[in-house]
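What follows is a set of notes on a single structure, which appears directly below.
The values are calculated or read from the model by the stated rules, or taken from the named source; none is laboratory data. Model, not experiment: these values are computed from the prediction. Glycine gets a Cβ as well: all are built from the backbone with ideal geometry, and neighbour counts include every protein chain shown.
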């Protein structure tokens, strides 16, 4: 089920919210769990079993870690649990990739040696496996609470607002909210506003610029003009698609009384790749830092090892996104720039030139991230260098509409002005010092969000189905 579908907006969500608020407090986790399982099973019932199995396995291993009598036993059970969770990813996400790569080294294919098979990637598996691993490691470290109820933990892993595409949550951050959380009209209204803002990002901006990106990446041999325009369009599409989903997830969480961490902070105003990764997909950056970079030694093991650690983290972060060499190269690209910035001090630069350099580095990296294969990425890079010609051919020029170009410009303007828009809205719509609401703080935001919601729903009614990009990860 997709947040931007009529089924979710007009059937599942109203029915679930009504049931949730009618449920007594002691049964709310059960209601959350049941609703989340229905949400997930709407896609495929069989993969719901994998989600349930991974959850119960993680919970039981966590208990063994907690009650282990020695450090050696705790390490053993933590290793078993982490290996089991990562094994799920290994089988469903990477088995075919590694098999293809291995046979290619010997000049053959899996089909030729009779060992090839197709494995469907369970939706959201990368996210709930990472949440499971963080729970096991936190339990080993003594950071997770001792009184973890199975029903609460199962509801946490399956929590439908963030189940499919994050943010990546940690149980230790939400444990207190499962024991007690506040439900209020103000919090629900705030969550609903955040939800519709995210939906508008997805429908009115990301989906609107997608055809321009598709034109550059699917036609072959793009010209210089089309290659740069398509890369910029994808840069904007990915941001508004994914940040829109995160806004919707955070908004839904607030409607249910939860407060999730923010996942984006205007990343396209960053003046270094180091800053970019503090602003982009924040929950993944924090996860990689706490559970991979720091255990590897972080920056405490000398410059050379620090650079290796940065590269290792980013390559594995690239592989987390997908089992393809394009994601590995994307990780190498970002890891290399992080190491370069640390070695040269570029991360401290705050000039407009630093902003332009960072945007260029990010845009060039997104080409590899978007391309279906390495040769396809090289084809787009050739276009960006002018090797496929400068002007678009007649077919591409015909398909490139003025509406698409206008939305690329609008999306770029919104991304550039996002911090200022936040400040302006915060100043204009905030309550007075005595806590009372003015007309501006009460009526204007509601009118704007209502208008935005109406435009988004109207747009949804006329466009075809468009899943979120991060569903593939």
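Is there a residue in the stretch 5-20 that is over 17 Å from residue 254 (Cα atoms) and in contact with a helix residue (DSSP H, G or I) (Cβ under 6 Å, 6 or more places away or on another chain)? No, the stretch 5-20 contains no residue that is over 17 Å from residue 254 (Cα atoms) and in contact with a helix residue (DSSP H, G or I) (Cβ under 6 Å, 6 or more places away or on another chain).
Looking at the stretch 148-156, can you tell me whether even one residue there is crowded, with 21+ Cβ neighbours inside 10 Å, touching a helix residue (DSSP H, G or I) at 6+ places or on another chain (Cβ under 7 Å) and within 24 Å of residue 280 (Cα to Cα)? Checking the stretch 148-156: at least one residue is crowded, with 21+ Cβ neighbours inside 10 Å, touching a helix residue (DSSP H, G or I) at 6+ places or on another chain (Cβ under 7 Å) and within 24 Å of residue 280 (Cα to Cα).
Selection within the stretch 356-385: residues that are surrounded by fewer than 13 Cβ atoms within 10 Å (Cβ to Cβ) and not in a helix (DSSP H, G or I). The member of this set that is nearest to the chain's Cα centre (by Cα) is 372.
Any residue at all in the stretch 275-290 that's more than 24 Å from residue 125 (Cα to Cα) and crowded, with 16+ Cβ neighbours inside 10 Å? Yes, there is a match, as at least one residue in the stretch 275-290 is more than 24 Å from residue 125 (Cα to Cα) and crowded, with 16+ Cβ neighbours inside 10 Å.
For residue 210, state whether it is in contact (Cβ under 8 Å) with a residue 12 or more places away in the chain, out of contact with any strand residue (DSSP E or B) (no Cβ under 8 Å at 6 or more places or on another chain), assigned by TED's automatic domain parsing to the domain that holds residue 392 and under 30 Å from residue 374 (Cα atoms). Break it down stepwise before answering.
Working: in contact (Cβ under 8 Å) with a residue 12 or more places away in the chain: yes; out of contact with any strand residue (DSSP E or B) (no Cβ under 8 Å at 6 or more places or on another chain): yes; assigned by TED's automatic domain parsing to the domain that holds residue 392: yes; under 30 Å from residue 374 (Cα atoms): yes.
Taking the combined requirement at face value, the residue satisfies it.
Residues in the stretch 44-62 that are loosely packed, with under 15 Cβ neighbours inside 10 Å and in a helix (DSSP H, G or I): 46, 49, 53, 56, 60.
Quick check: anything in the stretch 170-178 under 17 Å from the mean Cα position of the chain (by Cα) and either more than 30 Å from residue 387 (Cβ to Cβ) or at pLDDT below 95 (or both)? Yes: the stretch 170-178 contains one or more residues that are under 17 Å from the mean Cα position of the chain (by Cα) and either more than 30 Å from residue 387 (Cβ to Cβ) or at pLDDT below 95 (or both). Of everything in the stretch 9-43 that is assigned to a loop (DSSP other than H, G, I, E, B) and free of Cβ contacts under 8 Å to residues at least 40 places away in the same chain, the residue that is surrounded by the fewest Cβ atoms within 10 Å (Cβ to Cβ) is 24.
Looking for whichever is part of a helix (DSSP H, G or I), at pLDDT 95 or above and under 27 Å from residue 128 (Cβ atoms) here; the options are 330, 337. Which one fits?
Working: 337 fails: under 27 Å from residue 128 (Cβ atoms).
The conditions single out 330.
Residue-wise test of (1) assigned by TED's automatic domain parsing to the domain that holds residue 199; (2) in contact with a helix residue (DSSP H, G or I) (Cβ under 9 Å, 6 or more places away or on another chain); (3) within 21 Å of residue 413 (Cβ to Cβ).
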| residue | (1), (2), (3) |
| --- | --- |
| 245 | yes, yes, no |
| 260 | yes, yes, no |
| 276 | no, yes, yes |
| 304 | no, no, no |
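Having 2 or more residues that are more than 30 Å from residue 55 (Cα to Cα) is the bar; report the helices (runs of 4 or more DSSP H) wholly within the stretch 152-268 that clear it. Working first, answer last.
On the way: elements: 160-163, 171-179, 185-200, 207-218, 224-255.
Filter on the stretch 152-268 gives 185-200, 207-218, 224-255.
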